[in-house]
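Note sheet for the following structure.
The values are calculated or read from the model by the stated rules, or taken from the named source; none is laboratory data. As the structure is a prediction and not an experimental result, all values here were calculated from the model. Don't worry about glycine lacking a Cβ; one is built from the backbone with ideal geometry, like all the others, and counts go over all protein chains shown.
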Amino acid sequence: MNDVKRYIEENESRFLDELFSLIRIPSVSAYSEHKADMWACAERWKEQLLEAGVDRADVMPSEGNPLVFAEKHVSDEAPTVMIYAHYDVMPPEPLDLWKNDPFEPEVRDGHIWARGADDDKGQAMIQVKAFEYMVRSGELKHNVKFIFEGEEEIGSPSLNAFLQKHRELLKSDVILVSDTSMLGADLPSLTTGLRGLAYWEIEVTGPNRDLHSGHFGGAVANPINVLCDLISGIVDKDGRITIPHFYDDVEEVPQAEREMIAQIPFDESRYREAIGVRALKGEKGYSTLERNSCRPSFDVCGIWGGYTGEGAKTVLPSKAYAKVSSRLVPHQQHEKISQLFVDYIREVAPDYVDVRVTPLHGGEGYVCPITLPAYRAAAMGFEKAFGKKPLAVRRGGSIPIISDFERILGTKTVLMGFGLEGNAIHSPNENMPLDVFRKGIEAVVEFHRQWIPCEQRQD
């Protein structure tokens, strides 16, 4: 047994206790009633970072939820890696689908079950415990900074201004993030690209009040029907988005990259089985892995209106609403796409309803070059922990702040994530396999060991 594995084994109970103390704080950024919980979670992270070995840790205010900044200074001549994570979590609903209280973590079947077990408290803890080992073993040869935010799940609305204000404080040579996923526990991978995001809310108003469907049905436009018509027209039968000029800046996936993607081991039947569908659907002419990583998409994230309670109530509703989003690819600017969508809905909306479209948030895509020394160090970490060289893959999720890091701070990011599709992030019964948690710590330790040597060999 190597020293890292022994350290993890000897301290695992403590690691989990510390993680659970964070999970028990319901830091749901989407709900205003959890404002105090956001501060409590930030303060708890400050305590844990100090215990792990940083020289300083501060809870810093922002325009929204606070951020946690911490650092360990080794030398003025040494390079600096900054570790980013987020302590906010998605709402736990629907609660009736959970097998345990989402904020009372349980260990069963070799997994940690709780909201935030993976996204992102569990993955952040992997980073902190790897750092702790490097400090206590005396192996740390470079400076380390931490920046943990509390608004990632709502689009990081305050972080951009924070970056602008604290450029010098956040100066680093590379940023390391564990908030992405692998292809599988037996198929480690490093994320080399993320999609961007644009998000809107649509409000359709018909009559000035709910109407009796018998008296008015067939004579007055139903806002829900109209909303469904509007949404159904956005994607055509071939899976193409119909908004004019939507694809103007979409770069076709190079044939060489398509061939590389085709070599990724992927069992479509297992993929379907895991999510409980009989067939897949997407843009014509592209594989599943291309559709969910290299191509843009459009989805309805929520739709509501009218009567939804128990029993029957025959009404023609006054209003209907939907929350919709589009995943974007590199070179698509979310502000441009957001306006194109607003203009499109205004153009196609019929006169017998009023339609309002409100942009909510968005962000750009990101690509990490596999030639980056820090990427190579991360790859060596995965190979050490998982016994296989990781595949380089683009993923379909969005972390809008990653592109802002590069634009504002001038720093590239390595996406060293350990999530699995079966971890059910953003869903009931979110979890983290204990084995992946352990291997993640080992992988990040190896990153810290190899980063400076990789920088020295970059020529």
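Pick out the one residue from 112, 126 that is aliphatic (A, V, I, L, M), touching a residue at least 60 places away in the same chain (Cβ under 8 Å) and in a strand (DSSP E or B).
Values: 126 fails: in a strand (DSSP E or B).
Of 112, 126, the one residue that is aliphatic (A, V, I, L, M), touching a residue at least 60 places away in the same chain (Cβ under 8 Å) and in a strand (DSSP E or B) is 112.
Whether any residue in the range 87-107 is over 16 Å from the mean Cα position of the chain (by Cα) and assigned to a strand (DSSP E or B) is what I want to check.
yes
For the range 205-300, please list each of the helices (runs of 4 or more DSSP H) lying entirely inside it that holds at least 2 residues being surrounded by fewer than 17 Cβ atoms within 10 Å (Cβ to Cβ). Explain how you work it out, then say what you get.
Values: elements: 213-216, 223-232, 255-262, 268-275, 288-291.
Because the criterion is at least 2 residues that are surrounded by fewer than 17 Cβ atoms within 10 Å (Cβ to Cβ), the helices (runs of 4 or more DSSP H) in the range 205-300 that meet it are 213-216, 223-232, 255-262, 268-275.
List every residue pair whose Cβ atoms lie under 9 Å apart, where the two residues are 6 or more positions apart in sequence or sit on different chains, the first residue falls within the range 146-159 and is over 13 Å from residue 66 (Cβ atoms), and the second residue, located anywhere, is of a type in the set (Phe, Trp, Tyr) and assigned to a loop (DSSP other than H, G, I, E, B).
152/87
For a quick check of your reading of the model, give me the residue pairs whose first member lies in the range 20-43 and is of a type in the set (Gly, Ala, Ser), whose second is at pLDDT below 95, with beta-carbon atoms closer than 7 Å and at least 6 apart or on different chains.
Once the first residue is of a type in the set (Gly, Ala, Ser) and sits in the range 20-43, its partners that are at pLDDT below 95 give 29/153; 29/154; 30/153; 30/154.
Can you report the number of residues in the range 19-53 which are touching a helix residue (DSSP H, G or I) at 6+ places or on another chain (Cβ under 8 Å) and crowded, with 21+ Cβ neighbours inside 10 Å?
Residues flagged as touching a helix residue (DSSP H, G or I) at 6+ places or on another chain (Cβ under 8 Å) and crowded, with 21+ Cβ neighbours inside 10 Å within the range 19-53 amount to 12.
Count, please, the residues in the range 409-430 that happen to be within 21 Å of residue 376 (Cβ to Cβ), part of a loop (DSSP other than H, G, I, E, B) and in contact (Cβ under 8 Å) with a residue 40 or more places away in the chain. Walk me through how you get there before you give the answer.
Of the residues in the range 409-430, the ones within 21 Å of residue 376 (Cβ to Cβ) are 410-418.
After this cut, where a residue has to be part of a loop (DSSP other than H, G, I, E, B) as well, the list is 410-412, 416-418.
With in contact (Cβ under 8 Å) with a residue 40 or more places away in the chain added as a condition, the list becomes 411-412, 416-418.
So the count comes out to 5.
Can you go through 62, 13 and tell me which one is part of a loop (DSSP other than H, G, I, E, B) and either modelled with pLDDT of 95 or more or surrounded by 15 or more Cβ atoms within 10 Å (Cβ to Cβ) (or both)? Steps first, please.
Details: 13 fails: part of a loop (DSSP other than H, G, I, E, B).
Matching residue, one of 62, 13: 62.
How many of the residues making up the range 70-86 are in contact (Cβ under 8 Å) with a residue 60 or more places away in the chain and outside any strand (DSSP E or B)?
Our first condition is that a residue be in contact (Cβ under 8 Å) with a residue 60 or more places away in the chain; within the range 70-86, this holds for 70-75, 78-86.
With outside any strand (DSSP E or B) added as a condition, the list becomes 73-75, 78-79.
Residues flagged as in contact (Cβ under 8 Å) with a residue 60 or more places away in the chain and outside any strand (DSSP E or B) within the range 70-86 amount to 5.
Do you know which residues across the range 173-193 are small (Gly, Ala, Ser) and either in a strand (DSSP E or B) or buried (at least 23 other Cβ atoms within 10 Å of the Cβ) (or both)?
Filtering the range 173-193 down to residues small (Gly, Ala, Ser) leaves 178, 181, 184-185, 189, 193.
Scanning the range 173-193 gives 178, 181, 184, 189, 193.
Give me the residue from the range 325-353 that is of a type in the set (Val, Ile, Thr) and assigned to a helix (DSSP H, G or I) and, out of that set, surrounded by the fewest Cβ atoms within 10 Å (Cβ to Cβ). Spell out the reasoning first.
Initially, the range 325-353 is screened for residues of a type in the set (Val, Ile, Thr), giving 329, 337, 342, 345, 348, 353.
Okay, now just the ones that are also assigned to a helix (DSSP H, G or I), so 337, 342, 345, 348.
On the way: 337: 24, 342: 17, 345: 21, 348: 14.
Looking at residues that are of a type in the set (Val, Ile, Thr) and assigned to a helix (DSSP H, G or I), I get 348.
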